[in-house]
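Single-structure report; data block below.
The values are calculated or read from the model by the stated rules, or taken from the named source; none is laboratory data. Not measured: the values here are computed from a predicted model. A quick note on method: Cβ atoms are made from the backbone with ideal geometry, for glycine too, and the neighbour counts reach across all protein chains shown. Just so you know, the surface numbers come from the protein's heavy atoms only, side chains and all, with ligands and any DNA or RNA stripped out. Shrake-Rupley method; radii C 1.70, N 1.55, O 1.52, S 1.80 Å.
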Amino acid sequence: MARFLEVAVAVTVVLAAVIFQVNCGSFRLKRVGHAKVLGFDWKNCGQPDAPAVLKTLTVSPDPINIPGSLTAAASGSTSVELTAPLSLNVTLEKEVAGFWVRVPCVEDLGSCHYKDVCDILNQLIPPGQDCPEPLHTYGMPCHCPFKAASYSLPQSEFYLPYIDLPYWLTNGKYRVQGDLGGGGKELGCLKLSLSIHSD
């Protein structure tokens, strides 16, 4: 991934892995037989001169079924090379009785600070291993550094398998903000909102 969009896709994968799977050993997990993700929305939240910007992102269908397939297309750019360490501050909020409540960071789950996304990517996809699809098909790398450039990911299909979720994350409305930083500077910021309804 030599471009910010690829980083955004990777960060989304990392966020999903962190929120749903990684280091959840001591959490009470619930096997989700069927879930729906509704009302997925996004926006940039960085400074006007932030170097890394997601320009377009479309995801369908709505609702997204888990397990099931989704189709996504995106474009973005970065004006600077993104090199390790790339920090990521995640703020996860859940709507409770009409109020947005910040979910604390417990064992790397929730509103957490991750010192280096590059290191997390290396753990998820060991260096030397082929990048996952559709990145591999389009010849996109999935490790740092990510060169300054513009990029467009054509419409691609992804399969979402059965997942285990922490018991408190199985139903409700959520907001997630990810702030990407490096060299003491903010590089980009992305906000996601969605609802999860599960059996």
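Key figures
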quantity	calculated
Cα-Cα P(r), the range 157-199, percent of pairs per 5 Å interval	5, 15, 17, 17, 18, 12, 10, 4, 1
Pairwise label distance in nanometres, THR170 with SER111, each label 7 Å out on the Cα-Cβ vector	2.5 nm
Karplus 3J(HN,Hα) series, Hz, for the range 179-185 with 6.51 cos²θ - 1.76 cosθ + 1.60 (x for Gly, Pro)	10, 9, x, x, x, x, 10
Nearest-0.05 FRET efficiency for GLU157 and HIS197, computed from C-beta distance (R0 25 Å)	0.65
Computed over the range 30-174: relative contact order in percent, which uses C-alpha pairs under 8 Å that are six or more apart	32 percent
Set of lysines with alpha-carbon distance to LYS185 below 25 Å, sequence-local pairs under 8 removed	LYS43, LYS55, LYS115, LYS147
GLN129-THR58 pseudo-label distance in nm [points 7 Å out on the Cα-to-Cβ vector]	3.2 nm
23 Å Cα-Cα reach of LYS36 towards lysines, excluding residues that sit fewer than 8 places from it in its own chain	LYS94, LYS173, LYS191
Reference-scaled alpha-carbon Rg (2.2 N^0.38 Å with N residues) for the range 24-183	1.12
Accessible carbon and sulfur surface of the range 71-179 relative to its total accessible area, %, 1.4 Å	54 percent
Ranked packing of 93-104, 41-52, most packed first, by mean Cβ within 10 Å	41-52, 93-104
